[in-house]
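The next block holds one structure in the form of structure tokens; read it before the comments.
The values are calculated or read from the model by the stated rules, or taken from the named source; none is laboratory data. Note that the structure is a prediction, hence the values are computed from the model and not measured. We place every Cβ from the backbone using ideal geometry, glycine too, and count neighbours over all the protein chains shown. Just so you know, the surface numbers come from the protein's heavy atoms only, side chains and all, with ligands and any DNA or RNA stripped out. Shrake-Rupley method; radii C 1.70, N 1.55, O 1.52, S 1.80 Å.
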Amino acid sequence: MNKLNLRHLLLVVLVFVSAIPASAQMTSAEVDKLVNDALTKFNVAGTAVGIVKDGKIIHMKGYGLKSVETKEKVNENTDFAIASNTKAFTAAALAILVDEGKLSWQDKVVDHIPEFTMYNDYVTQNFTIEDLLTHRSGLGLGAGDLMFFPDGADFTMKDILTNFQHFKPQSALRTKFDYDNVLYLVAGEVIKRVSGQPWEVFVTNRILKPIGMNNSYAILGDMKDRTNLAAPHSTETGTIRVVPHYEFDSAKINGAAGSIYSNVNDLSKWMLVQLNKGKYGEKLDQQLFSEARQGEMWSIHTVTGVGRNPRYNSHFAGYGLGWGLTDMKGNLAVTHTGGLPGMLSRTILIPDLNLGVVVLTNTEAGGGGVFSAVSNTIVDSYLGLDDFGWIDRYYQALSARSAGDEVTAKVWETVKTAKSDHIKPADYTGVYEDKWFGKAEVFLKNNKLWFRSYRSPQLNGEMQYYKANAFAIKWEYQAMNADAFAIFSLDEEGKAKAISLKGISPNIDFSFDFQDLDFQRVKAKAAGK
């Protein structure tokens, strides 16, 4: 739920150095112009920007459209999916429980969830609460995300707690950063078992309501009045279009990895709590979490590559508890991004300057360019840096994605002309099973091969012959670019015995972890539809 390709993009763009004289802090009028220019450049429907400084909200505004269909405008109270910016709320919820003495960061997960099972017994018995939040589990990038991505799958917390045993580790425990969503769901389950309240109830009652985030919701299902809800959009097909909202089903899993919906009015209050070291209220006489807990959340637990970053003279980078951490011109920067279909966002705090910026957008993929260019330009003005032309730089960098689009287009061109006369459907149809993802079926529909997952019904689509033993699947799910190759392994008789999947687009989101699937044929004949 976090677009790491945008993080890498940021590191690429930062290699440039500018020598124009330093600029002053941006006025609201200058922010308006910046944001409107970014919306136009990146073809984004709408966005909202919040800035807090020295304990006050100094800018809070919506821009553009909630939906290109309704033409309704975004305002400061328009709700967007904040996606992985939710992770900081999950960390804060655990921090509250640590403050109350109900758990420790070093508690073993199995002490609270006995059925929790990792890929070997040592890791299972020694995995801590802290490990759940720090992306150092040894699992690969996005491992297991297919259990809840795309939405509509029937996996439950029981599946999530035990399916890790079927994954192959990509590194040793606590040695390497690989971004993770599923273990945050386990963290949400810890909150439930320790507090007696489901994650979404705890976050609502103990965080959102106390600090006055009155128009924010732990899950979309809690939002009864959706009149001021931004619609997600995509430009993957070349034109901007509305796509469906991602819906977390709290009856099956929690939303601790990325389900909160909020707005810049409420998120400005959240940033003030963070910058006030957990204090809130008119006189700052109430404490959400202690300063000691914040220090733990804002300390690096997993080191990441800092990259060549001469503009900010950065010397370190890493991940804390629910936050990314680095330095910018000698100042600590506390950041996170978030991404769900059609919704991309960024939060950045500079505690030394008592500064916070949040940018919410409702269009993929241009929203990443908007949140990056806008937030960087605003922060730069407070750091006393020059106008770096972030909009143009990110536009150029994001345009490089077109190379991936060309790769995808060539695949479908090949499919159009591929000769499949030699294909015998009966050699491929049947039921296949993966140890953690369950069963899938290859069957005939209108004399064409189709693939469907039993447990994730949106992963259903026509299989078109590509080359050799490979077919290209066009999913019925098109909210994101996730079409995949199905590559068959054949026995000595030329009949399929296994399937592996691989994303077609080089730009595919990492949550489509098709590479972790190993479907073995368990039944020769498919039931079909």
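Distance from the alpha carbon centroid of the stretch 266-317 to that of the stretch 384-446 works out to 38 angstrom.
Using the Cβ-Cβ distance between Gln515 and Ala409 with R0 set to 30 Å, the FRET efficiency from 1/(1 + (r/R0)^6) comes to roughly 0.85. In a reduced charge model with +1 at each Lys and Arg Cβ and -1 at each Asp and Glu Cβ, the stretch 166-237 shows a dipole moment near 280 debye about its Cα centre.
Taking label points 7 Å from Cα along the Cα-to-Cβ direction, Asp427 and Thr175 give a separation of 4.2 nm. Taking amide H atoms as placed 1.01 Å from N in the peptide plane, the amide H of Thr134 has no partner under 5 Å among residues 5 or more positions away or on other chains. Working note: Debye formula, equal point scatterers on the alpha-carbon atoms of the stretch 202-275, no solvent; log10 I(q)/I(0) at q = 0.11 Å⁻¹ is -0.35.
Over the chain, with every protein chain in place, what whole percent of the accessible area is carbon and sulfur at 1.4 Å, could you tell me? If you can, show how the numbers build up before the last one.
Working: 10260 of 20640 Å².
Carbon with sulfur: 50 percent of the solvent-accessible area.
How high is the relative contact order of the chain, in percent, with contacts defined as C-alpha pairs under 8 Å that are six or more residues apart? Please list the in-between numbers first.
Details: 1201 pairs, mean separation 99.8, N = 529.
Normalised by residue count, the contact order of the chain is 19 percent.
Residue ranges 117-130, 353-366 sort as 353-366, 117-130 when ordered by packing (mean number of other C-beta atoms within 10 Å per residue, highest first). Counting 0.36 nm for each residue step from Lys448 to Asn354 and taking away their Cα separation leaves a gain of 27.8 nm. Sorting 136-143, 494-501, 330-337 by average packing, meaning the other beta carbons within 10 Å per residue, from highest down gives 136-143, 330-337, 494-501. In a Debye calculation with equal point scatterers on the alpha-carbon sites of the stretch 143-196 and no solvent, what is log10 I(q)/I(0) at q = 0.16, 0.26, 0.31 Å⁻¹? The Debye formula, applied to the Cα set alone, gives -0.56, -1.17, -1.31.
For Lys502, the lysines whose Cα falls under 22 Å of its own Cα, not counting residues fewer than eight places away in the same chain, are Lys3, Lys168, Lys410, Lys416, Lys419, Lys435, Lys439, Lys448, Lys467, Lys474.
Its Cα centre serving as origin, the chain has a Cβ charge dipole (Lys and Arg +1, Asp and Glu -1) of approximately 580 debye. With semi-axes defined as the square roots of five times the eigenvalues of the C-alpha gyration tensor, the equivalent ellipsoid of the stretch 266-366 measures 23, 20, 13 Å, largest first.
Across the stretch 153-160, coupling constants 3J(HN,Hα) worked out from phi with the 6.51/-1.76/1.60 Karplus curve, θ = phi - 60°, read 6, 9, 5, 10, 4, 4, 5, 5 Hz, and Gly and Pro carry x.
Could you work out the percent of alpha carbon pairs in the stretch 50-105 separated by over 19 Å, rounded to a whole number?
Summing the P(r) of the stretch 50-105 above 19 Å gives 58 percent of all pairs.
The HN-Hα couplings worked out from phi for the stretch 184-194 by the Karplus form 6.51 cos²θ - 1.76 cosθ + 1.60 (θ = phi - 60°) are 5, 5, 5, 4, x, 5, 4, 4, 4, 6, 7 Hz, whole numbers, x standing for Gly and Pro. Highest-first packing order for the peptide set 449-460, 164-175 is 449-460, 164-175, based on the mean count of other beta carbon atoms within 10 Å.
On full extension of the chain, what length is gained from Ser290 through Lys108, given 0.36 nm per residue of separation minus the C-alpha to C-alpha distance?
Details: separation 182, 0.36 × 182 = 65.52 nm, distance 2.24 nm.
Extra length from Ser290 to Lys108 when fully extended: 63.3 nm.
Multiplying the residue separation of Thr128 and Ala524 by 0.36 nm and subtracting their alpha-carbon distance yields 138.2 nm.
Near Leu65, the amide H atoms lying under 5 Å from its own belong to Gly46, Thr47, Val74; only residues 5 or more places off or on other chains count, and H is placed 1.01 Å from N.
Name the residues whose placed amide hydrogens come within less than 5 Å of the amide hydrogen of Met463, ignoring near sequence neighbours (fewer than 5 apart) on the same chain. Amide H neighbours of Met463: Leu449, Trp450, Phe451. Applying 1/(1 + (r/R0)^6) with r as the Cβ-Cβ distance of Asn331 and Ala24 and R0 = 22 angstrom yields a FRET efficiency of 0.80.
Using Rg/Rh (Cα atoms, Kirkwood Rh) as the read-out, say which of (i) 0.98; (ii) 0.95; (iii) 1.13 was calculated from these coordinates. It is the value labelled (i). Karplus-derived 3J(HN,Hα) values for the stretch 127-132, using 6.51 cos²θ - 1.76 cosθ + 1.60 with θ = phi - 60°, are 6, 9, 4, 4, 4, 4 Hz; glycine and proline are entered as x.
Go ahead and estimate [θ] at 222 nm for the chain from helices alone: -39,500 (n - 2.57) per DSSP H run with n ≥ 4, summed, over the residue count, rounded to 500.
Values: 14 runs with 141 residues, N = 529.
Taken over the chain, the calculation gives -8000 deg cm²/dmol.
Note on Glu492 and Glu282: their simple-model spin labels are 8.5 nm apart, each label 7 Å out from Cα toward Cβ.
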